[in-house]
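**Student:** Structure below; questions to follow.
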Amino acid sequence: MSTTSGIETASVEPLLSLEAITKRFGSFAALSDVSLELRPGEIHCILGENGAGKSTLCNLIFGVHRPDGGAMRFRGVPFQPSGPADALGHGIAMVHQHFSLVPDMTVVDNVLLGRERGVLNRRQCAAQLEKLAVDYGLPLDPDAKIEDLSVGERQRVEIVKCLIRDPSLFVLDEPTAVLLPDEIAALLDVCRRVASSGRAVVLVTHKLAEIKKIADRVTVLRGGRVVATSATPAADIDALVRAMIQGNVEALDSSAASVLGLAPVPRARRDRSAIVKTEALQIDGLTVRDSQGVTRLDNFTLTVDRGEIVGVAGVEGNGQSELTAVLSGMMAATEGRIHLGEAELTGLAPKAITAAGIGIVPEDRHAVGCVTGMSLAENIYLNRLDEFTRFGFLKRSALQREAAAMMQRFDVRARGPAATFSSLSGGNQQKAVLAREITLPNLTCLVAAQPTRGLDVGAVAAVYDHIRAASARGVAILLVSSELDELLSVADRIVVLYRGRIMGACAADPARREDIGAMMAGHAQEHVQGNVHA
Amino acid sequence: MTWELFAVFLGSSIRLATPLLLAGIGEMVSERAGVLNMSIEGMMLTSAFASAVGAWATGDPLIGLLIGIIAVQPVALLQAVLSNTLRANQIVSGIGINILVLGATTLAYREIFGARSRAEIPGLGKIKPPLLGDIPVLGPAVFEQVWLLYLGIALIVLTALVLRYTSIGLAIHAAGAEPKAVDKSGLSVTRIRYGCVLFAGFMASLAGAFLSIGDIHTFTEGMTRGAGYLAIASVIFGKWRVGGTVLACLLFGAATALQFQLPALGVDVPNALLIMLPYLLALLAVGGLVGRQMAPATLGEPFRR
């Protein structure tokens, strides 16, 4: 690892250089004094935790934001893009973290949007797509509608949208977060081909496996500052990681580390004596058909024992949302039954389900997990506010006192219990939701959907701790996650959802990773033998 | 029903559908771009009044039409500023404009015309297209129409072609369905939406002028009587497509024409019931018969980057 590598800087003129860039949002400095150089033909990885300023950096380059200090140079000329159009005009293209495709338009039309004036020449564009497909290994049906494509295909459309402009700088903001393992490999291959055609590629990521595999140079951001750079990333990986999380890899919770790809998934990790062979949650033949008659969840049958953690794996959109929505009472199942112990919960309202002892950590905490305009205290006790009333009036002091105790117990950091929920960071919001659900008085089952999405390493570790602690108390836990590493390190057993069906089940054994990956991609459980319910 | 009566029914259906067609297609374009233009009613009324006054004052209906078109643009601009730049609630601001226009035109009408109410105003001429107009029975009854109708048909065809085959059409569709994609492709969502609202205003001004100086050659207070809302309903009924919207407008026009036809046929139906018919149809269309999933995804939502 080095601060700058003098030899290389001299040999290749940088395509884009950032000099002491600073960007503030209000009083918060998202980037301070960031300098880096991007050279033609290289893959430059930007590494950092959530909130380290990676996306802000991309948005500055792409002209979405403007820097408050410092300067950028493009091909040696001062460069201050007035907006995305200006950046595109300079030959800078970007694949955003969140896709921006028009779902009810075809691939060709999405590619043409904003590129041509006047009458559209769809045939010519389709021919160009065909050429790109051959050059970069990006096959696409030009007449397919976006809404009919898989996530991986949609990303290919985003990439093609950029490449067709023939950019000299290609920025990808966390492109692998939503992809299957083999799709990630294909994407990295595309990046390599793009770089070898003499373009500069910027790849933003927090996954180290990708950096090891593909990065020519790495810049590490932490708290908006450049804390390390390396021209030999594969060799420096440990030092880069330490710089990213400011600490020792060894000190990190081993599960959290494995999710980041820092360490192999720990194997003998859980004392499984807590699992009592008593069925807590029983889901029997759950089927959900939507208003169009499409089957979203197909004959889902699963039993979770007390003290057991069962992971539901699968690429997003394969029935996970429907499963958690039905379990929480937000959606009615077309067929099937749900039992908790002896009690039947099928078709009950969310309130009754909570009363029966099921805690729900929803996938979209903003939409259904909390009321962002209310205070932290009110959110922590949202489902038990009537315990804090006298003659129908809310006893705010008692509520705040109790909430303060909960904040301490679950390490929720905020100005105080009266702070507006929306003022909390994502990690603290999630800890508050988890605190509410996990402290239900008669909790016998916890359904947690994507509980660590968007959280930084520290918060991830805290969430795992609380889930494990609940399981040790005998709570049955259903953990729905699209991060396979998360399931492998936290769960006891994994079932894989594909197009609403259970493709297979196995023990959460890291050695089974490839089997599980194959099932996630829709291959039936062939070589995964037995061990369905250990 | 005799052929003569049927031809008259057909002709009056088309005549009564024309203002809906003009306003409806403009509204559809605006909604495709994501802006719900509730003020279409007010825009029509503005134009109906301004073109009537213009035609009456100058004696030339063509100048009247131009004045109507020009008079609506500030109203459309107001709606565009409210719904895009100021990000106001589009339904509330639109209805506000409608009430404002109703008051303003009523007041101005009484000031200008006073006792001479129902004054005859020079109106736009009719044309009879060759061939079609020469068909016996049908020709004069159906095809001899105010030339503004034929201009409207040409504009509707042009709009359909632009939406389908040009980059502007693509940008309009995307601005309503996924404005972020438009923004990231380097186009301006705000400019597209402003343009579409102004276009809706232009089409509504033709519709309003058709009501006053095209059809009955006079102005009466609040003469649009909900035609703007029917235009909005026809967009929903037509599932935000040109063809569907045109059919919906023709259906509403036919329902209105029945008011005059059924009594002529000697069918004894209370008149009030017949006046209700198009609105009742619109209510059914909006409420039950078509799903909402066809609507542009961000309809009514101001864009924020």
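**Student:** Go through A:Lys23/A:Lys145; A:Lys351/B:Lys180; A:Lys207/B:Lys180; A:Lys351/B:Lys184 and tell me which ones have a Cα-Cα distance over 31 Å in this structure.
**Tutor:** Too far apart for the 31 Å limit: A:Lys23/A:Lys145; A:Lys351/B:Lys180; A:Lys351/B:Lys184.
**Student:** May I pose another question? So, in nm, how far is label A:Ala209 from label A:Ser150 when the simple model puts each one 7 Å beyond its Cα toward the Cβ?
**Tutor:** So the label points at A:Ala209 and A:Ser150 sit 1.7 nm apart.
**Student:** Now a separate question. Which ³J(HN,Hα) values, rounded to whole Hz and listed in residue order, are derived for the range B:256-263 from phi using the Karplus coefficients 6.51, -1.76 and 1.60 in 6.51 cos²θ - 1.76 cosθ + 1.60 with θ = phi - 60°, glycine and proline given as x?
**Tutor:** Listing the rounded values in order: 5, 5, 4, 3, 8, 7, 4, x Hz.
**Student:** Which whole-number percent of Cα pairs in the range A:418-468 have a distance greater than 14 Å?
**Tutor:** Counting pairs separated by more than 14 Å, the tail of P(r) holds 52 percent.
**Student:** A further question on this structure: Which one of B:Leu20, B:Val267, A:Val412 has its Cα pushed farthest toward the positive end of the charge dipole of the protein assembly as shown, where Lys and Arg give +1 and Asp and Glu give -1 at the Cβ?
**Tutor:** Of the candidates, A:Val412 comes out farthest on the positive side.
**Student:** Still on this structure: Pop out the Kirkwood hydrodynamic radius of the range A:99-166 from its pairwise C-alpha distances, inverse of mean 1/r, in Å to one decimal.
**Tutor:** Result for the range A:99-166 stands at 11.8 Å.
**Student:** From the square roots a ≥ b ≥ c of the eigenvalues of the alpha-carbon gyration tensor of the range B:3-224, which class results: rounded (a/c under 1.5), prolate (a/b over b/c), or oblate?
**Tutor:** Oblate, because a/c is 1.5 or more while a/b does not exceed b/c.
**Student:** Which of the aspartates and glutamates could a cross-linker span from A:Lys395 if the Cα-Cα distance has to be under 17 Å and same-chain partners fewer than 8 positions apart are dropped?
**Tutor:** A:Glu378, A:Asp386, A:Glu387
**Student:** Helix B:227-237 sits at what angle to the longest principal axis of chain B, using alpha carbons and giving 0 to 90 degrees rounded to 10?
**Tutor:** The helix B:227-237 is inclined about 60 degrees to chain B.
**Student:** Once amide H atoms are built 1.01 Å from N in the peptide plane, which residues 5 or more positions from A:Thr287, or in another chain, come under 5 Å H to H?
**Tutor:** A:Asn299, A:Phe300, A:Thr334, A:Glu335, A:Gly336
**Student:** While we're looking at this one, here's another question. Give a residue-ordered list of calculated ³J(HN,Hα) values for the range A:492-497 (Karplus: 6.51 cos²θ - 1.76 cosθ + 1.60, θ = phi - 60°; whole Hz; x for Gly, Pro).
**Tutor:** Couplings: 8, 8, 10, 10, 10, 9 Hz.
**Student:** How many nm is it between the label spots at A:Asp364 and B:Val92, if each spot is 7 Å from the Cα in line with the beta carbon?
**Tutor:** Those two pseudo-labels are separated by 2.4 nm.
**Student:** By the scheme Lys and Arg +1, Asp and Glu -1, what is the net charge of all other residues having a beta-carbon under 13 Å from that of A:Glu147?
**Tutor:** -3
**Student:** Mean residue ellipticity at 222 nm from the helices of chain A, using -39,500 (n - 2.57) per DSSP H segment of n ≥ 4 over the full residue count, to the nearest 500 deg cm²/dmol?
**Tutor:** Value at 222 nm, helices only: -9500 deg cm²/dmol.
**Student:** Counting only C-alpha contacts under 8 Å and six or more residues apart, can you give the relative contact order of the range A:99-166 as a whole percent?
**Tutor:** 46
**Student:** If each DSSP helix of 4+ residues adds -39,500 (n - 2.57) and the sum is divided by the residues in chain B, what number results at 222 nm, nearest 500 deg cm²/dmol?
**Tutor:** -22000 deg cm²/dmol
**Student:** Please find, in a Gaussian network model of chain B (springs between Cα atoms separated by less than 10 Å), the residue of B:Pro263, B:Pro278, B:Pro140 whose mean-square fluctuation is greatest.
**Tutor:** Highest fluctuation of the listed residues: B:Pro263.
**Student:** Between A:Ala133 and A:Asp386, what is the label-to-label distance in nm when each label sits 7 Å out along the Cα-to-Cβ direction?
**Tutor:** 6.0
**Student:** Do you know the relative contact order of chain A, to the nearest whole percent, from alpha carbon pairs under 8 angstrom that are 6+ apart?
**Tutor:** Across chain A, relative contact order equals 14 percent.
**Student:** Considering the options A:Thr232, B:Ala282, B:Ala52, tell which one lies farthest towards the positive end of the dipole of the protein assembly as shown, charges being +1 on Lys and Arg and -1 on Asp and Glu at the Cβ, about the Cα centre.
**Tutor:** Result: B:Ala52.
**Student:** Among the aspartates and glutamates, select those whose C-alpha is under 15 Å from the C-alpha of A:Lys213, and discard any that sit fewer than 8 residues away in the same chain.
**Tutor:** A:Glu42, A:Asp182, A:Glu183, A:Asp189, A:Asp236, A:Asp238
**Student:** Quick check for you: which residues of the range A:283-302 have the amide N under 16 Å from the point 7 Å beyond the Cα of A:Glu344 toward its beta carbon?
**Tutor:** Only A:283-287 fall inside the zone, counting backbone N under 16 Å.
**Student:** Then there is this: Along each principal axis of its Cα atoms, how long is the protein assembly as shown end to end? Whole angstroms, biggest number first, please.
**Tutor:** Cα spread of the protein assembly as shown along its principal axes, largest to smallest: 93, 73, 57 Å.
**Student:** Another question, if that's okay. Give the separation of the Cα centroids, the range A:459-491 to the range A:138-188, in Å.
**Tutor:** The range A:459-491 and the range A:138-188 have Cα centres separated by 32 Å.
**Student:** Explain nothing, just compute: Karplus ³J(HN,Hα) = 6.51 cos²θ - 1.76 cosθ + 1.60, θ = phi - 60°, for every residue of the range B:23-33 in order, whole Hz, x for Gly and Pro.
**Tutor:** 5, x, 5, x, 5, 4, 4, 4, 5, 4, 7
**Student:** Which percent, nearest 5, of DSSP beta bridges in chain A are antiparallel?
**Tutor:** About 55 percent, rounded to the nearest 5.
Laboratory data are not the source of any read-out in this text; all were calculated from the coordinates shown. Just so it is clear, the structure is predicted and the values come from calculations on it, not from any experiment. Cβ atoms come from the backbone with ideal geometry, glycine included; neighbour counts cover every protein chain shown.
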